[in-house]
1. Can you classify the stretch 1-77 as rounded, prolate or oblate using the Cα gyration tensor, where a ≥ b ≥ c are the square roots of its eigenvalues, rounded means a/c under 1.5, and otherwise it's prolate if a/b beats b/c and oblate if not?
2. On alpha carbon coordinates alone, what is the Rg over Rh value for the chain, Rh being the Kirkwood radius?
3. Summing -39500 (n - 2.57) over the DSSP H runs of n ≥ 4 in the chain and dividing by its residue number, what mean residue ellipticity at 222 nm do you reach, to the nearest 500 deg cm²/dmol?
4. Under 20 Å from a label point 7 Å along Cα→Cβ of THR38: give me every residue in the stretch 485-502 with its amide N that close.
5. Could you work out the relative contact order of the stretch 185-228, using alpha carbon pairs under 8 angstrom and six or more residues apart, expressed as a whole percent?
6. Can you give the extra length, in nm with one decimal, that the chain gains between ARG173 and GLN21 once fully stretched, where that is 0.36 nm per residue apart less the Cα-Cα distance?
7. Starting from 0.36 nm per residue, how many nanometres of slack lie between ARG30 and ASP246 once their C-alpha separation is accounted for?
8. Report the chymotrypsin sites (Phe, Trp or Tyr not before Pro) located in the stretch 94-197 that are in a DSSP loop and have at most 12 other Cβ atoms inside 10 Å of their Cβ, or state none.
Amino acid sequence: MIEIVDPHKPTTLDDYAEYIQLRPSVEELREEAERLTTPLEGRTLWMVNSTASGGGVAEMMPKLVALLNELGLDTEWAVIQPQAQRFFDLTKHLHNLIHDSGPSRLSGGDRALYESVSEDAADALEPYLSESDLLAVHDPQPLGMGAILKDRLGLPTLWRCHIGLDRQTDHTRAAWDFLRPFAEKYDRTVFSISDYVPEFLDEQASVIPPAIDPLSHKNRDLSVHKVSGVLANAGLARYSEVLTPDFEPQAERLQTSGDLGPATSPGDLGLPFRPAVTQISRWDRLKGWVPLLQGFARMKERHYAKDAPSGGSNGAFVSADEEHPERHHRRLDLVRLILAGPDPESVADDPEGQAAFEQICLQWKKLDPRVQRDVAILALPMDSRKENALMVNALQRCATVVAQNSLQEGFGLTATEAMWKSCPVMGTRAVGLRTQIRDGVDGRLVENAEDADEVAETLDAMLSAGRERQAWARNARRRVADEYLVFGQAERWLETLARVGEASAAPVRAAAS
Ligand code: UDP
C-alpha cells in the first residue's frame, strides 16, 4: 500500500552553482535555507503522492525531495498504492470536476469508498511517522489519508493541490463540497495560482507556482551540434554522420494513409532551417490543437491568396515587417506548423488522448494539400524519458514561435520550458498562461484560443516582428529565471513549511533529546 521512493542520483546545488548565471539563485537559496530550516530541525518531512512515475507531480518530486534534503531538511517521498481501481476512477472524476468537466454526480458510495481507502492508506503510513514530523500530501488522492493522520497524530500537515480552475461552476462546487471536510483539517494548503484557491481555504492558503529544472534534459542548454545530433538521432532530420547513436524508437509523423511513418517522410521537416511554429503537449482537446491548426491554415491560405509582395499588402493582413515585405512573404511560404505530443500508443490507457489525437488527424486530412504539406503531426516515443526530453528540448529550440493555444491551462510548463529557452511564445488567456506570459512583454496572448482568425493574425504578426520576437524571448527567459526555477520553488516550500512548523505545538525530537 505504501512505497518509499528513492529520488535517484540528483544534480547537486554545487552543480548548478558552476553556472555563473544560476549562482546568485543558488546562494540566495542556501542563505534562506539556513534560516528557514532552523524551526524544522529534528523533523522529517513526508511528501506523499499517488504515483512514482508519469504526470507532472511525479516529474517534479525527485528534484524537490533531493533539494530539500541537500538543504538540511530530512525529506522522504512515499507513494500510496491503493489496489482498488474504483478509487482512482473516483479521484479522476474529482479531478475532472475541479476542471469543470465530466458528470457532476457524486454519491454516498463514493464518499464511503474514499474514506475506507484513506483509512487503509493512513494505517499503512502511520508506522513510519512520528508526531513531530511534517506531512505534505499532493492532490486529492492522499488528501483523506492526511486528514485522518492529522486526527490521529496531531502532526503538522500541508496539502499541495496542483489543480484548479479560476471560476466556480456546479461541477467545481460538487468537487469542493466533497473534499472540503478533509482539506479543512490541514494547517496549510498550497496552490499553483491564487485564482485556484477555493473560498473556504482563503485564510490558510499559500501560492507556489510550478518550476522547471534548468539542468534537466528537457531544459539544459544544447549546442547547435547537440540540437542537430538529437534531431538526427530522433529521426527528425536527415544527417549522414553524427556522434551519438540513434534513439530507439524514433519519432514518427502522420502520413496521408492515416498511419504513422518516418518523420522525414514524405519530405524532410526542414529543421532547423525552415521557420516553424511548434506546439508540444499532451493530446488533449483543451490544448487547442484544432483551432491552432485552423489558424495556421488560414494564415497560409490568405498568404497564398495575396499577390506577390510589392511593398504593400492586399488588405488581408497588414504585415508588421513593413521594411522587409519580401522577406516576410518568403517566411510565410516556408513556415511550417509542427504539432508534437506523446506517441498515442504510449497513452493507450488514455481513451480521451486517443480521441483527441484522432480528431486532430481528421482536421489535418481536410486541409488544402498545399497547407497540409506544411503541417507535420509528430508522435514522440515515451520509452526513454531522457530521449523524449531531448526531443522536446531540440524541437522547442528549432521553433520560430512556440505556440500553446490552450483553451484551459492549469499552469502550462510547456510555455515555461520554451520561455526558458528564449523561444518567443504565443499563449492564450487561459489562466496558467496569462500568469506566466505578459502580453507584449514576454510573448503574445490570443484573447480567444478558439478564434482561428485571431490565431492566424497573431501568428502572422509574431512571425513578421523580428525585433520584438527577440525582446519577448529575452524577457521570457528573464521571467522564468526570476519566477519559475526550482530554486525559488524550494525557497517557497521552506517558507511555507517553516510557517507550518512554527505554528505547530508538537514536540520536536531534537529539542526533546
Ligand atoms: N511533454 C513531454 N513529451 C511530450 C509532450 C509533452 O515531455 O511528447 C511534457 C512537456 O514538456 C511538459 C509536460 O509534458 O513538461 C506537460 O506539462 P504542462 O504543464 O504543459 O501540461 P499538462 O500536461 O500538465 O496539462
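1. Numbers: a/c = 2.66, a/b = 1.38, b/c = 1.93.
Here the stretch 1-77 falls in the oblate category.
2. Values: Rg = 24.2 Å, Rh = 24.4 Å.
So for the chain, dividing Rg by the Kirkwood Rh gives 0.99.
3. Numbers: 19 runs with 228 residues, N = 513.
Mean residue ellipticity at 222 nm (helix-derived): -14000 deg cm²/dmol.
4. 491-502
5. On the way: 32 pairs, mean separation 14.0, N = 44.
Taking the mean separation of contacting Cα pairs over the length of the stretch 185-228, I get 32 percent.
6. On the way: separation 152, 0.36 × 152 = 54.72 nm, distance 4.46 nm.
Using 0.36 nm per residue and subtracting the Cα-Cα distance, I get 50.3 nm.
7. In short, 73.8 nm is gained.
8. Details: sites: TYR114, TYR128, TRP159, TRP176, PHE178, PHE182, TYR186, PHE191, TYR196; in loops: TYR186.
Answer in residue order: no site qualifies.
Here, each number is a calculation from the coordinates, and none is a lab measurement. On a predicted model such as this, the values are computed, not experimentally measured, just so you know. Backbone-built Cβ (ideal geometry, glycine too); neighbour counts: all protein chains shown.
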